[in-house]
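A short write-up of the structure that comes next.
Read-outs throughout are calculated quantities, based only on the coordinates presented, and are distinct from any laboratory measurement. None of the values given here were measured: they were computed from a predicted structure. Backbone-built Cβ (ideal geometry, glycine too); neighbour counts: all protein chains shown.
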Amino acid sequence: MTSKPRTIRLSKASIGDAEKQAVLRPLDREYLGMGTEVQGFETELEAYLGRPAVCVATGTAALQLALQGIGIGPGDEVLVPSLTFVASFQAIAATGATPVACDIRADSCMLDVADARRRLTARTRAVMPVHYAGGVGDLDQVYAFARDEGLRVVEDAAHAFGTVHHGKPVGANGDVVCFSFDGIKNITSGEGGCVVTDDPETLSRVRDARLLGVENDTSARFSGQRSWDFDVTAQGWRYHMSDIMAAIGRTQLARRESLAEKRQALAKRYAQRLGASDRIAPVLTRFDDVVPHIFPVRIAGLPDRDVLRLQLRDRGVETGVHYRPNHLLTFFARSDQAPLPIAERVYAELLSLPLHPDLDDSDIDYVCAQLLEALSAI
Ligand SMILES: *Cc1c(COP(=O)(O)O)cnc(C)c1O
């Protein structure tokens with residue numbers, strides 16, 4: 001048995017000298033709040049995506065403010081796949097609206113539009129597709145469904161920064177698109193996120209809401225000022241991004257191509273190495289247009305995932321489970337909910353393998369060898 005003394009982390013930020021140097025800019029300026037670095041990050045994101053981006057403190061805040069920006073609130077229902085990070089659900093709940101858990105498609109692990117359609121009510125106002133692992137699933141069908149039913153779309157693109165759809169980066173098109181820049185995402189600002197849309201009303205609401213609802217405070221901050229004689233006309237939050245975070249984010253945005261290529265190459269190697277196994281099915285298999293954030297596989301007939309995870313941990317391989325479906329969480333479980341059989345079946349089979357830009361081919365080969373060996377004994 002191979003027993004190399006290494007620990008392969010499930011995910012982590014990839015930080016170089018450039019990020020460390022960048023953080024010195026706001027520190028040297030002794031201006032740490034929302035100022036020129038955030039403005040610069042927004043300008044650079046807009047250049048990449050071709051339309052305005054509003055930076056906020058976290059990806060969860062981006063989702064909450066996007067929903068608030070399109071007018072979602074108490075009494076409204078938002079359709080969302082159950083297989084997502086709890087952030088999607090909490091962001092909906094934070095607006096006072098109800099997240100309505102929808103089933104997923106077994107092939108993509110993303111929203112099943114037919115199931116979402118069955119959960120429509122008179123209160124349904126929006127749908128939140130989640131770009132699981134970095135793919136986009138049936139995004140065109142989601143938009144067709146939303147058009148038919150008069151729903152708004154808020155894309156949870158937390159996993160998909162850099163992914164290309166119809167020849168353009170995710171975020172370049174679509175109603176409202178939200179990214180996360182938390183520590184382990186495809187690009188990071190430490191913590192952070194952004195809302196991308198061309199809807200002027202939503203943009204202006206999100207800009208004000210991130211600064212406690214203080215009207216037009218964004219322009220004041222970007223010129224090194226702040227507003228004193230202001231009015232507030234809506235609920236706001238202290239959700240702005242700081243210049244320290246933006247300085248890291250700008251560096252990562254500039255590095256996005258090499259970070260993305262690394263993720264793509266590693267994921268391709270996983271898919272090749274695991275392709276021969278009849279028990280292991282990677283959720284994503286094509287990576288030319290997809291920048292994978294995680295590498296989940298489905299393992300059929302797994303008697304005890306925890307045992308497998310412990311065995312892999314003993315061999316120095318960290319694994320994860322993305323995710324426990326949200327309709328199984330106490331806070332989001334609803335007694336009137338139709339069953340979600342696919343999400344539950346897929347959940348039992350899911351295992352995420354290590355993926356981050358600082359791994360190399362030999363790490364992937366090691367993980368695959370350990371996984372295949374451990375599985376052959378189960
Ligand atoms: C990371 C993530 C979020 C939230 O982003 P944060 O920046 O961590 O708040 C939302 N949805 C999904 C699917 C995520 O993975």
ask   = If only Cα atoms are counted, what is the Rg of the range 256-376, and what is its Dmax, in Å?
value = 15.6, 49
request  = Work from the charge dipole of the range 72-125 (Cβ charges, +1 for Lys and Arg, -1 for Asp and Glu, about the Cα centre) and give the residue of 88, 108, 124 farthest towards its positive end.
outcome  = 124
task = For a quick protection proxy, order the peptides 225-231, 294-300 by their average other-Cβ count within 10 Å, most packed first.
result = 294-300, 225-231
query = Do you know the relative contact order of the range 17-254, to the nearest whole percent, from alpha carbon pairs under 8 angstrom that are 6+ apart?
reply = 28 percent
key: Extension reserve of the residue 378-residue 227 stretch, reckoned as 0.36 nm per residue once the Cα distance is removed   = 48.0 nm
remark   = Two pseudo-spin positions, 7 Å from Cα along C-beta at residue 335 and at residue 122, lie apart in nanometres by 2.3 nm
note = Note: residue 107 to residue 86 extended length (0.36 nm per residue) minus current alpha-carbon separation gives 5.4 nm
message = Can you give me the C-alpha center-to-center distance between the range 304-351 and the range 1-65, rounded to a whole angstrom?
response = 29 Å
Over 22 Å [Cα-Cα, the range 112-190], rounded percent = 26 percent
key: Dipole moment magnitude, nearest 20 debye, the range 175-247 about Cα centre, only Lys, Arg, Asp, Glu C-beta charged   = 280 debye
inquiry  = From the C-alpha coordinates alone, can you work out the Kirkwood hydrodynamic radius of the chain, in Å?
reply    = 21.4 Å
query = For the residue pair residue 277 and residue 114, what label-to-label distance in nm results when each label sits 7 Å from Cα along the Cα-to-beta-carbon direction?
reply = 3.0 nm
key: Flagged links, alpha-carbon separation over 19 Å, of 12/168; 168/268; 12/262   = 12/168; 168/268
message = Quick check on packing: order 330-339, 71-80, 26-35 by the mean number of other C-beta atoms within 10 Å, highest mean leading.
response = 71-80, 26-35, 330-339
query = Using 0.36 nm per residue, how much length does the chain from residue 300 to residue 48 gain when fully extended, once their Cα-Cα distance is taken away?
reply = 86.7 nm
inquiry  = What's the ranking of 88-99, 266-277 by average number of surrounding C-beta atoms within 10 Å, highest first?
reply    = 88-99, 266-277
key: Max mean-square fluctuation residue, GNM over the chain, Cα-Cα springs under 10 Å, options 354, 200, 129   = 200
request  = Any chance you could get the radius of gyration and Dmax over the Cα atoms of the range 145-245, in Å?
outcome  = 15.5, 46
request  = Give me the distance in nm between label points sitting 7 Å out from Cα along the Cα-to-Cβ direction at residue 215 and residue 21, one decimal.
outcome  = 4.4 nm
task = Starting at the first residue of the range 9-14, write each ³J(HN,Hα) from the Karplus equation 6.51 cos²θ - 1.76 cosθ + 1.60 with θ = phi - 60°, in whole Hz, x for Gly and Pro.
result = 6, 4, 7, 6, 6, 10
